[in-house]
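Everything on this sheet refers to the single structure shown next.
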Amino acid sequence: QTIGSTACPFCGAMADDEKKVNICFDDESRIRVLSPEKFKHTEELAEQCTAFVNKIEDFSGTVHVLVEVLDAQAKKIELEKLKAIGQRNMVESETENRARRQLALQSQINEKMAELDRYAKQYQSLARVEAEQLALIEKLSNNET
C-alpha cells in the first residue's frame, strides 16, 4: 500500500506533486518510506560500499606491508652502501700503505747498500793494511836473516 501526502506530518510543510512521500509496508509489515525497489537498491549499494571499504582496507594493509618491506630493503641497501664505502676506503688506504711501505723498504735497502759499500771499502782498506803489514813483516824477516 502506498499513501500519498502533500504535507509533512512532522513540520506541516507542503510538498510538490513530484516530491510525494510514499509510505509502504514491506513483507515483514514494517513501514518503509522508500519503495521496495529503491530500498533493495539502497541495500545493494550499502553492500557494495561495505565491500569497497573492505577492499580499500585490504589495499591499505598491502600498501603498509609493501612500505615496510621497502623500508627494510632501503635500510639493507644503505648498510651495504656503507660497507662498500668502507671497503673502498680500506682499498685506497691499503694502496697508500703499500706505497708508504715500499718507500720505507726502498729507504732501508738504500741504507743497507750504503752500509755494504762502507763495509766493502773498510774491508779493502783493512786488506791493504794487512798486505802492507805482511809485506813489512816479510821484509823485516828477510833483513834479519
| message | In whole Å, what are the extents of the stretch 32-129 along the principal axes defined by its C-alpha atoms, from largest to smallest? | response | 138, 11, 10
| In whole percent, how big is the carbon plus sulfur part of the accessible area of the stretch 32-128, probe 1.4 Å, protein atoms only? | 62 percent
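The values are calculated or read from the model by the stated rules, or taken from the named source; none is laboratory data. As the structure is a computational prediction, the values presented were derived from the model and not from experiment. For the accessible areas, the whole protein counts, side chains as well, though only heavy atoms, and no ligand, DNA or RNA atoms are used. Shrake-Rupley method; radii C 1.70, N 1.55, O 1.52, S 1.80 Å.
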